[in-house]
Structure formats: structure tokens, C-alpha cells
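Worksheet: the structure to be examined is printed underneath.
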Amino acid sequence: MGVPKFNPVRDIIAGGILAATSVPQLIAYAETVGYAGYRGLTTGGAPLFAWGLATGSPWMNAGVTSLTAVMAKTDIGGEAYVAKYGESDYVELVAVYSIYVGITSAVMGLFGFAELTQKVPGAVKTGFKWGCELGVLSSALPNGLYAFGSTLKDKAAESLYGDAVKAVQAVVPSATGIKGVANIAYALTHPHSWDVIAAALFFACTLFIMKAKSFLPKWLPPGSEVVMATGAAAVFSVFYGYEGSVVGEIPAVGSDAGLTLGPIKVPIELMDFKKLLNVPIAERCFDGSMAKLIITAAVFSGINMLSILGTASGFESDNNVPWSPRRELIAQGVSNLAAGAVGSAPVSSSMSRSLVSRMTGATSQLACLVTALLWIYMLPYMSVMSPTPKAALSAVIVSAVVKNVVIPKKFMALKGTDFMVGIVTAATTSLTSPTLGFLVGCVFHVAMNIGAKDTKKKVA
């Protein structure tokens, strides 16, 4: 097939479909990052527009994903930071971290580090993916099963699970992910503590999203089931006076805010660059070490390059569309710099949105740009999402990961030392942080292979 012939009409249609079907994800993943869901709407357009200008793929799409959301939140201690400094300061922290990820991605791309990601062991990838998906699940359950997410966190902290978390963290302070695992354990063993209405919405939306493809008309674009589920939940919220947590008011961009490009006004609100320069990210999140911050951002960049690798390699094998690892890693850097400029969490390639782009007939990066511009210019009309229950948004997230968490087929297919590597990577990723889990997995893989070679030599 090769690169499709440019067709602007098809690109505009594809971009419009993707813009409409991705809105619930924007809100849901913003919640996963740890700040208000509406921020996903106000910050989604700029990084995607930058990605569209920099990528070489006609279909690849980018944004905050479940992986980048949970990794960013864990790397910078989002939950504790919000509790101590407030959401406004946290948004600035997230923006600064995105900038560091952008810089490291661009530098690694320029110096050819993109090719190294292709050498990451499969067992490490599998264990890391499962550990991250468990983290995504733990971030979604509080708002899914309870009217207010803080309810689960408070109940778990006061239980035996909370005591176990404190005991582990006293010995291993870096075990931040164990709180999420404890939340899952508490929720599953205390169903009587669930909010009936929130849980009913959550399960209904999750089942609909996961099963809808089997009975919805085939001509509907992917993602339609998500729009239907969240739309129905919003209608329920309005007409039945839902009292649980909802998206809430979406602030409008001020008339004097945004970018002015000649006669064109782009209604995006930029962060105060001077404030960002003074955010003490190293001191508050990385033990005062700039080296630790840069290494963490570099590992983040490398891990997310794996998402690009998986998506682009699939397009190359299925459609004979060539790609450049170096260019796409630089594109990741450019889009993350744009993300930082508007206060978005780090972004990377989204396989689900990229597949939608291909399926809906996109022929070039113009489709990406159309989606980004629609998100930016249609923001004043996004208030229709305000009454959407967060339980429905949690369903969007859970439906994407729960099947692989419960039945991890790739994980179960690992054998011998690969299985051990997968177990160690998954456990470290879910109980500590994705960055540490990935590094530990790689080191453990090397150690296991060295040990295996030594054993073979002794036998010989």
C-alpha cells in the first residue's frame, strides 16, 4: 500500500471524527494525572498540533495516554504534591516535567538513542506494561466505585491495608505505587463500602464500552461507544440530580489570553514562563538532584518511545508505511515542549487514536492538525461535558486495561528466566514507580542472562 495519496477532504473528515470520539479520553486521562478533568480539554490541542507538524507518519496520533498519565503522576508524586501545595502549583510542576521530557526526547532523538529502544527485552516490556496497567486501574477505581474518589483512599489508609503500606514504606520509601495496590485490595474486599449509584454507572458504562462493538452498527467509527456511554451518563446526571463527583465547570479562556498570529487568534492559555523557571521540581520531587530529574525524564522519554515503536512498526508491516525512529522521538520532544507551554502532562504516541486515524481514512498529518484545531476552537462548547459523572470517565479508563490485567496472556506465555524477569519488572513497576520498575527489569534481565551463561560454561 505505502503512504496514502494526499486527500485534504478525507483528512478533514478523519480529523473531525477523531476530535469527537476522543473528548472523553482527554478528560479521563487528566483525572489520572491528578488534576481537574477539564484541563485535558484545555491543554489537549497544542501538543497534538505540534506533533502533527513534526511527525512523519500520516496516521500516528499523540496525546496524554493512560501510560504517560500514570507515569507522570508517580514520577513527581502527584497525589502528595497536590495535598501539600494545591492543584495550581501541581499544574506548574506537571508543565515543567513535560518540558524536561521534551528536552530529553529531542536530545536523545538528535543523538540517535531512538534505535536503542528496539533492543529492550520483550519480557521487560511485558512485565512493565502489566505493572503500568495495574497502576492505571488503581487510579481509576476510586472515582468508579465511590461517589468521591477520596472516600476509597481514606478508608484504605485507615484499614489493615494502610498499616501494611506504612510498614513497607518505612523500609522502602520509594514504594509509592503500593498505595494504589492497597486501594484495589480494599475496594475488592469491601464491596459494601461502594456507592450504589456510582458503582452502577461505572459497571454499566464499562460493560457497554467493552461489549458495544459486537452489536453496534459496523459503520460507526471506533470510539463511538465511549461517546455514547459518557453522553448517557451525563444525561442521567442532569435529569436525576447525580450527587457524586462530576467533571464540573470548564473555565473559558479569557478574551485577552492566547496566541495572536497576525489576524488569527488562537484561544489557548499559555503558562507563565517566569513562574515555570522558579518551580523547584528537583528539590521537591527528586531529592534536590538535577541528575536524578534528568535521568528520570530520559527514562520516561525512552519508555514512551516504545509506544511509538509499537504503533509505527505495525503501520510499516501492515501498510508498508516507512518511518524514522529519530524523527518520531524528536516529534515526541517537540510535542512535549508544547505540552509544557500549556500545562499539559507529558504526551506520547497513542495507538488507539492512531488506529482510528488510519481506519477513518486519514492520508496525511493534516488530520492530526484538524483534530487539534477542533479541540482548541470548540472549547467554548465543551461545557456539555460538565455534568458527566467521573464514574463514567473511570469506566473509559478501566475498559482499556482491565482485560489484560485480569488475564495477561502475553505475561502467561513467558517461560523460564523470561517469566522471572517479567514478574520482577511487573512487581517493581506496580509497587514502586514505572521508571524504577523499568530500570530494575532491565538490570535483572542482564543479571539473569549473565548467570545463565556462567551456568552453561560450568556445565560445559
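The values are calculated or read from the model by the stated rules, or taken from the named source; none is laboratory data. Predicted, not measured: the structure shown is a model, and the values here were computed from it. Here Cβ is always computed from backbone atoms with ideal geometry, including for glycine, and neighbour counts include all displayed protein chains. Note: areas computed on protein heavy atoms with side chains; ligands, DNA, RNA excluded. Shrake-Rupley method; radii C 1.70, N 1.55, O 1.52, S 1.80 Å.
Sort 60-68, 102-110, 360-368 for me by packing, meaning the mean count of neighbouring Cβ atoms within 10 Å per residue, highest on top.
Taking the mean over residues of other Cβ atoms within 10 Å, the ranking is 60-68, 360-368, 102-110.
If the chain between LYS84 and TYR381 were fully stretched, how many nm would it gain, using 0.36 nm times the residue separation less the Cα-Cα distance?
103.6 nm
Treat every Asp and Glu Cβ in region 350-460 as -1 and every Lys and Arg Cβ as +1, leave all other atoms uncharged, and give the resulting dipole magnitude about the Cα centre to the nearest 20 debye.
The calculation lands at about 440 debye.
Using the Cβ atoms and a cut-off under 15 Å, what net charge is assigned to the surroundings of THR189, where Lys and Arg are +1 and Asp and Glu are -1?
-1
Count the net charge of all other residues whose Cβ sits under 15 Å from the Cβ of MET305, scoring Lys and Arg as +1 and Asp and Glu as -1.
+3
Per residue, how much accessible area does the chain have with a 1.4 Å probe, in Å²? Show your work: numbers first, answer last.
Values: 20640 Å² over 460 residues.
Each residue of the chain exposes 45 Å² on average to a 1.4 Å probe.
Given H placed 1.01 Å from N in the peptide plane, which residues other than close sequence neighbours of SER289 have an amide H under 5 Å from its amide H?
Amide H neighbours of SER289, under 5 Å, 5+ apart: none.
If amide hydrogens are placed 1.01 Å from N in the peptide plane, which non-local residues have theirs closer than 5 Å to the one on ALA62?
Long-range HN contacts for ALA62: SER350.
How large is the convex hull of the C-alpha atoms of the chain per residue, in Å³?
It is 168 Å³ per residue.
Name the helices (complete DSSP H segments) of the chain with a Cα length along the long axis of 18 Å or more and a Kyte-Doolittle mean of at least -1.0, or state none.
Result, helices passing both filters: 8-33, 87-110, 122-145, 196-211, 224-240, 290-319, 325-342, 390-406, 416-431, 434-459.
Roughly how big is the chain's charge dipole about its Cα centre, with Cβ charges of +1 (Lys, Arg) and -1 (Asp, Glu), in debye to the nearest 20?
Dipole of the chain, to the nearest 20 debye: 1440 debye.
Grab the beta carbon distance between ILE407 and ASP154, set R0 = 30 Å, and tell me the FRET efficiency rounded to 0.05.
0.45
Where does each of VAL172, VAL396 land when they are ordered by accessible area, with a 1.4 Å probe and the largest first?
Correct descending sequence by accessible area is VAL172, VAL396.
Report, in deg cm²/dmol and to the nearest 500, the calculated mean residue ellipticity at 222 nm for the chain, where each DSSP H run with n ≥ 4 adds -39500 (n - 2.57) and the sum is divided by the residue count. Please list the in-between numbers first.
Working: 22 runs with 316 residues, N = 460.
That comes out to -22500 deg cm²/dmol.
Check which residues have an amide H placed less than 5 Å from VAL247's amide H, if you skip close sequence neighbours.
Amide H neighbours of VAL247, under 5 Å, 5+ apart: THR388, LYS390.
Which of the peptides 328-341, 181-194 is most tightly packed, and how do the rest follow, judged by the mean count of other Cβ atoms within 10 Å per residue?
With the highest mean Cβ count within 10 Å placed first, the list reads 328-341, 181-194.
I'd like the FRET efficiency for VAL443 and GLU316, computed as 1/(1 + (r/R0)^6) with the beta carbon distance as r and R0 of 35 Å, rounded to 0.05.
Taking R0 as 35 Å, the efficiency between VAL443 and GLU316 is 0.70.
Taking the dipole about the Cα centre of the chain, with the C-beta of Lys and Arg at +1 and of Asp and Glu at -1, give me whichever of ILE450, THR388, GLY162 is farthest to the positive side.
Farthest towards the positive end: ILE450.
Quick one: which of 197-207, 279-289 comes out on top by average Cβ neighbours within 10 Å, and what's the full order, highest first?
Values: 197-207: 20.0, 279-289: 15.5.
Highest to lowest by the protection proxy: 197-207, 279-289.
For the chain, with all protein chains present and a 1.4 Å probe, just round the carbon and sulfur fraction of the accessible area to a whole percent.
Percent of accessible area from carbon and sulfur atoms in the chain: 66.
How big is the shadow of the Cα convex hull of region 16-170, averaged over all directions, in nm²?
Dividing the Cα hull surface by four gives the mean projection, 11.8 nm².
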